[in-house]
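Q: Got a structure for you, questions after.
The values are calculated or read from the model by the stated rules, or taken from the named source; none is laboratory data. It should be emphasised that the depicted structure is a prediction, and the values quoted were computed from it without experimental measurement. Because the Cβ atoms are built from the backbone with ideal geometry, glycine has one as well, and the counts that use them run over all protein chains shown. What goes into the accessible areas is simple: the full protein's heavy atoms, side chains included, and nothing from ligands, DNA or RNA. Shrake-Rupley method; radii C 1.70, N 1.55, O 1.52, S 1.80 Å.
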Amino acid sequence: DRQTLVAVLQFLRRSNLRESEEILRREARLLGDDLGAAALSPASAGLLVGSGSDADSGDAMLGRGTGAAAVAIGGSVATVATSSPGVAAVAAVPPGKGGARGHCGVGASSWRDPWERGCPLWPLFAHWLFQADKPLLLADGFAVGGAVVVEDQPDVSAVLSAYNQQGDPTLYEEYYSGLKHFIECSLDCHRAELSQLFYPLFVHMYLELVYNQHESEAKSFFERFHGDQECYYQDDLRVLSSLTKKEHMKGNETMLDFRTSKFVLRISRDSYQLLKRHLQEKQNNQIWNIVQEHLYIDIFDGMPRSKQQIDAMVGSLAGEAKREANKAKVFFGLLKEPEFDVPLDDEDEEGENEEGKPKKKKPKKDNVGSKSKKQDPNAPPQNRIPLPELKDSDKLDKVMNMKEAARRVRLGPECLPSICFYTFLNAYQGLTAVDITDDSSMIVGGFADSTVRVWSVTPKKLRSVKTAADLSLIDKESDDVLERIMDEKTASELKILYGHSGPVYGTSFSPDRNYLLSCSEDGTVRLWSLQTFTCLVGYKGHNYPVWDTQFSPYGYYFVSGGHDRVARLWATDHYQPLRIFAGHLADVTCTRFHPNSNYIATGSADRTIRLWDVLNGNCVRIFTGHKGPIHSLAFSPNGRFLATGATDGRVLLWDIGHGLMVGELKGHTDTIYALRFSRDGEILASGSMDNTVRLWDAVKAFEDLETDDFTTATGHINLPENSQDLLLGTYMTKSTPVVHLHFTRRNLLLAAGAYSSQ
C-alpha cells in the first residue's frame, strides 16, 4: 500500500541509497518527490507493527494491524510496516560477510510469488538478487551470487550453540516450578491449553543445563520434573535421560530434531495473553526466551480447547501441525475410469476364464460401470500426472473385475464378511511382510532370512516362461500362444526368490500381476518378474534399511520409505527416484498411494502422517494425534478418508479434504499392522499384534461429520466418547499376530500372519 511504500522510500533516502530508491519508485510508478499526505515522519520508519502468526508466536511485536518486514542494508536495520504478512526480513549481505541464517529470513513461501501478494519490497529484492557482487542469503539455505549454504543437514555445533548460557543454573528449577504453579492455579479453561508448555520447556531447559555443563543441576532438574510429563512422551524422555554430558549431544538425532524443528503448540489467544502477562510480570526472561526461540505458538481466536480435544491431537515429536500446513487444496476424488463395454455373461463359469475373450454383447448396466461415467468434482485433472496406458490385458482384467463386482456381497452391520485366515506355520525364517494380489490368486511373504516366497492360492500352479531355445519353436500366430510359452515342467505352488542380503520388510504386487516389489534391510528395492521368477532391477537410493514399498494402483510408479527419514517415488523404468519426499523427523515406516495415484501417504516413527503431492513433491497434509510410530495406512475406496494405525493400539480416521481428524477407534491392545477398507467402503478391518481382527462400521464413523469452517480453522474436533458402538466384531486367532488384510473383489476378507508358539 502507499503508506508502506512511502516509509520504505524515506528510509532509502535517509540511508543515501538513491539507486534503490529510484528502482522502487519506477516499479511503484511513484515519480518525482510527490509523496503526498501519506508521508511519514523519519521516526515512524522505525515503527514495528505485528500481526498474523509471527506476532502470535511470541515475537515481541506490539499492536496489531499490518504485517512487518525488516530491511537490512549495509548493516543498518530499519523495520517498516507492510501490508504483506508473508514478507519476513530481507538482507543484502556484503561480500565476505559469510551467511549466518539470522541475517535474513525470506522464507521460500514469502518470495516465490510476491507479485500475487502485492509485496512492495519485491523490486528491491529482485535488484539485489541479480547483482552478482552482493550475495543474498535466503532462509531455506541457498545463496545467490556467493557461496551456497546447505541447510538440509544442520551443523551440529551450530545447532547446539543456541543453548548459550542465559540464566543462573540454580534458578532453573525455581523458574519451572513457578510456571507450573501458575498454570495449575489458572482457570480450568486455560489450564489444559497452557499445560502443553510443560514438555517442550522441560526438554529445552534440561538441554540448556547439559550444554552449559551444569551436570548436577541438570540431573536434579530431570529427576524432579520428568514424572510430571504426559505418559506418551516416556520413550523420548528415556532417550533424553541418557544425555548427561555436552559431548553426548553431538550427533544425537533426537536432540537435533528437537532443536531444529520448532515445537508447535496450538493455543487460544486468551490463554496466550494470560501466559505472556504472567511471564512479563515475573520478569521470567529465561522461559520467555525459550518460548520465543524454540516454540511456535499457533494462536487462534475463540474458545480454548478442552483436555480431551488437546489429547486427541498432540503426541508427535514436534507437537501439533501448524494449521497452515493443512490448508492446501487436495484433489481427493477418483479419476474417471476408461469406458468400455461390460458383457452380460451370467452363465459364465465361476472358475478361471481368463483366456475366454468377452463376446460382443449389449453393455451391462451394473453399478460399477455407471459409477465411473460421471466426473468426480474433487478429482484431479485426468492428465495431471502421466499414467500408463491400459493394455488389452488390463482391459480384460477390468472386465473381469466388473463381473466380480456385480456378484459382490454388500456388507454392513447386518451382513459381515467371512474371514479366511492364511497362517504361516513353522515360519522359523521369520515372516516380516505379506501381500496378496488384487484378484486374490497369489500371496507373497518376505522373510528375515532375506528370501521372498510366492505361493499360488488357486488350483492354478505358478509356471515360468520357457527357455529362449524352446520359445523359438512356438507358433506365434496360434490362439493359445500365451499358454504355450509357459513351461509345464516348472509348475509348482511355491517359488522362492533369492537376491536380498538382509530381512525383507515390504512386498507389493503390481496391479497387472506381472511384477513384484520387495524392499529390504540391505537398502535396496528389487523388482521381480512373475513370468520368469527372476530379479529384473535392484533400485539403490536409500542408504539404510527400507521399511516399506508399494505399487501405484495404476502400476508403473512405486514408492519406498526407510530409515533415512525420506520416501522416494520411482518409476519401474528409471534407475533414479523421480521424487524425494523429505520432512519426517524419524524413519518412514509405511507408505500408501491414494486411489487416484496423485498423492502418497507416509507414516513415520515421528508419530505423524504426511500426505505428499506426486506432481510437485510438496507436503499437503500433516496429521498428528498418534502416540507411537505409525505402522499401517488405508485410504477409503472413494479417496475422501484415511485410516491410520500405530503402536498405541488406536485407529485414527482423517478427512483428507478438510485436513481434520474425524474419528478414533479404540479396542486393540497392541500395534496395528494391517488396515483395509471393504471394496465399497462400508467396513474397515484392522489387524493387530494382539492376535485379533476387528471390524468397524465405516459408514457410521463418517456420517454427520462436523467439518464447518470453525472446526477446520481451530481444530475443535469433537470425537465420540465411545467407539465401541462402531465395533461390529472381534475375531481372535489362536496365537497368530495379524500382519496383512485383504478384501477380495467379492468382499471376502483374507488375513495373514505367522503362528507364534510363545
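Q: Against the condition over 14 Å from residue 194 (Cβ atoms) and either modelled with pLDDT of 85 or more or β-branched (Val, Ile, Thr) (or both), how does residue 239 come out, does it pass?
A: Yes.
Q: Return the total of residues in the stretch 730-748 being surrounded by 20 or more Cβ atoms within 10 Å (Cβ to Cβ) and in a strand (DSSP E or B).
A: Looking only at that region, the number is 4.
Q: Can you tell me how many residues within the stretch 655-677 are of a type in the set (A, V, I, L, M, F, W, C), under 20 Å from residue 725 (Cβ atoms) and modelled with pLDDT under 95?
A: 3
Yes or no, residue by residue, for (1) over 24 Å from residue 236 (Cβ atoms); (2) open to solvent by less than 20 Å² (accessible area, probe 1.4 Å); (3) at pLDDT 90 or above:
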position	(1), (2), (3)
282	yes, no, no
301	yes, no, no
310	no, yes, no
329	yes, no, yes
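Q: Okay, moving on. Is it the case that the stretch 468-475 has a residue that's crowded, with 17+ Cβ neighbours inside 10 Å, over 36 Å from the mean Cα position of the chain (by Cα) and of a type in the set (D, E, K, R)?
A: No, the stretch 468-475 contains no residue that is crowded, with 17+ Cβ neighbours inside 10 Å, over 36 Å from the mean Cα position of the chain (by Cα) and of a type in the set (D, E, K, R).
Q: Any idea which of (1) among the acidic types (Asp, Glu); (2) at pLDDT 90 or above; (3) touching a strand residue (DSSP E or B) at 6+ places or on another chain (Cβ under 9 Å) is the one residue 270 doesn't satisfy?
A: If we test residue 270 against (1) among the acidic types (Asp, Glu); (2) at pLDDT 90 or above; (3) touching a strand residue (DSSP E or B) at 6+ places or on another chain (Cβ under 9 Å), just (3) comes out false.
Q: Of all residues in the stretch 167-176, which are without any contact (Cβ under 8 Å) to a residue 40 or more places away in the chain and not in a loop (DSSP other than H, G, I, E, B)? Working first, answer last.
A: Narrowing the stretch 167-176 to residues without any contact (Cβ under 8 Å) to a residue 40 or more places away in the chain: 168, 174.
174 - this is the single residue of the stretch 167-176 that is without any contact (Cβ under 8 Å) to a residue 40 or more places away in the chain and not in a loop (DSSP other than H, G, I, E, B).
Q: Also: Can you tell me which residue within the stretch 716-729, out of those that are of a type outside the set (A, V, I, L, M, F, W, C) and in contact (Cβ under 8 Å) with a residue 60 or more places away in the chain, is most open to solvent (accessible area, probe 1.4 Å)?
A: Restricting to residues being of a type outside the set (A, V, I, L, M, F, W, C) and in contact (Cβ under 8 Å) with a residue 60 or more places away in the chain, the top hit is 718.
Q: Kindly list, by first and then second residue, each pair from a residue in the stretch 561-575 that is within 12 Å of residue 605 (Cα to Cα) and not assigned by the TED database to the domain that holds residue 507 to a residue that is in a loop (DSSP other than H, G, I, E, B) and open to solvent by 40 Å² or more (accessible area, probe 1.4 Å), limited to pairs with Cβ atoms under 9 Å and residues at least 6 apart or on different chains.
A: Cβ pairs passing all conditions: none.
One line per residue, one yes/no per condition, for (1) open to solvent by 10 Å² or more (accessible area, probe 1.4 Å); (2) within 18 Å of residue 561 (Cα to Cα); (3) part of a strand (DSSP E or B); (4) outside the structural domain of residue 551 (by the TED database):
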site: 610; (1), (2), (3), (4): yes, yes, yes, no
site: 617; (1), (2), (3), (4): yes, yes, no, no
site: 622; (1), (2), (3), (4): yes, yes, yes, no
site: 627; (1), (2), (3), (4): yes, no, no, no
site: 631; (1), (2), (3), (4): yes, yes, yes, no
site: 634; (1), (2), (3), (4): no, yes, yes, no
site: 639; (1), (2), (3), (4): no, no, no, no
site: 644; (1), (2), (3), (4): no, yes, yes, no
site: 648; (1), (2), (3), (4): yes, no, no, no
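Q: Sticking with this structure for a sec: Condition check: without any contact (Cβ under 8 Å) to a residue 24 or more places away in the chain and either farther than 19 Å from residue 323 by Cβ or touching a helix residue (DSSP H, G or I) at 6+ places or on another chain (Cβ under 9 Å) (or both). Does residue 291 satisfy that?
A: Details: without any contact (Cβ under 8 Å) to a residue 24 or more places away in the chain: no; either farther than 19 Å from residue 323 by Cβ or touching a helix residue (DSSP H, G or I) at 6+ places or on another chain (Cβ under 9 Å) (or both): yes.
When the stated conditions are applied, residue 291 does not pass them.
Q: Only one of these conditions is not met by residue 495: (1) open to solvent by 60 Å² or more (accessible area, probe 1.4 Å); (2) outside any loop (DSSP other than H, G, I, E, B); (3) touching a residue at least 12 places away in the same chain (Cβ under 8 Å). Which number is it?
A: (1)
Q: Could you grab me the full set of residues in the stretch 269-284 that are under 32 Å from the mean Cα position of the chain (by Cα) and of a type outside the set (S, T, N, Q)?
A: Scanning the stretch 269-284 gives 269, 270, 272, 275.
Q: What are the residues in the stretch 697-729 that are in a helix (DSSP H, G or I) and modelled with pLDDT of 70 or more, if any? It would help to see each step written out before you state the result.
A: Step one: of the stretch 697-729, the residues in a helix (DSSP H, G or I) are 698-702, 709-714, 724-726.
Within the stretch 697-729, 698, 699, 700, 701, 702, 724, 725, 726 qualify.
Q: Determine the pairs where a residue that is in a helix (DSSP H, G or I), located within the stretch 1-28, has a partner that is of a type in the set (Val, Ile, Thr) and buried (at least 16 other Cβ atoms within 10 Å of the Cβ) with Cβ atoms under 6 Å apart, the partner being 6 or more residues away or on another chain.
A: That search, which allows pairs on different chains as well, returns 4/82; 7/80; 8/80.
Q: Could we say that residue 464 is exposed (fewer than 12 other Cβ atoms within 10 Å of the Cβ) and not aromatic (Phe, Trp, Tyr) here?
A: Judged against the criteria, residue 464 is not a match.
Q: Count, please, the residues in the stretch 183-221 that happen to be open to solvent by 40 Å² or more (accessible area, probe 1.4 Å) and more than 26 Å from residue 239 (Cα to Cα).
A: Within the stretch 183-221, residues that are open to solvent by 40 Å² or more (accessible area, probe 1.4 Å) and more than 26 Å from residue 239 (Cα to Cα) number 6.
Q: Then there is this: Could you please give the count of residues in the stretch 569-584 that are in a loop (DSSP other than H, G, I, E, B) and more than 14 Å from the chain's Cα centre (by Cα)?
A: Residues that pass the stated criteria total 7.
Q: Given the conditions (1) open to solvent by 10 Å² or more (accessible area, probe 1.4 Å); (2) outside any strand (DSSP E or B); (3) touching a residue at least 12 places away in the same chain (Cβ under 8 Å), report the number of the one that residue 592 does not fulfil.
A: It is condition (2) that residue 592 fails.
Q: Within the stretch 550-568, which residues are of a type in the set (Lys, Arg) and not in a strand (DSSP E or B)?
A: 565 - this is the single residue of the stretch 550-568 that is of a type in the set (Lys, Arg) and not in a strand (DSSP E or B).
Q: Tell me, which strands (runs of 3 or more DSSP E) wholly within the stretch 403-447 include 1 or more residues that are in contact with an Asp or Glu (Cβ under 6 Å, 6 or more places away or on another chain)?
A: 442-447
Q: Looking only at helices (runs of 4 or more DSSP H) that lie completely in the stretch 186-243, which have at least 3 residues being touching a Lys or Arg at 6+ places or on another chain (Cβ under 8 Å) and of a type in the set (Val, Ile, Thr)?
A: Fully inside the stretch 186-243 and qualifying: nothing.
Q: Modelled with pLDDT of 90 or more and either open to solvent by 50 Å² or more (accessible area, probe 1.4 Å) or within 30 Å of residue 517 (Cα to Cα) (or both): which single residue out of 363, 377, 417, 358 fits that description?
A: 417
Q: Of the residues in the stretch 572-587, how many are within 13 Å of residue 540 (Cα to Cα) and surrounded by 15 or more Cβ atoms within 10 Å (Cβ to Cβ)?
A: 2
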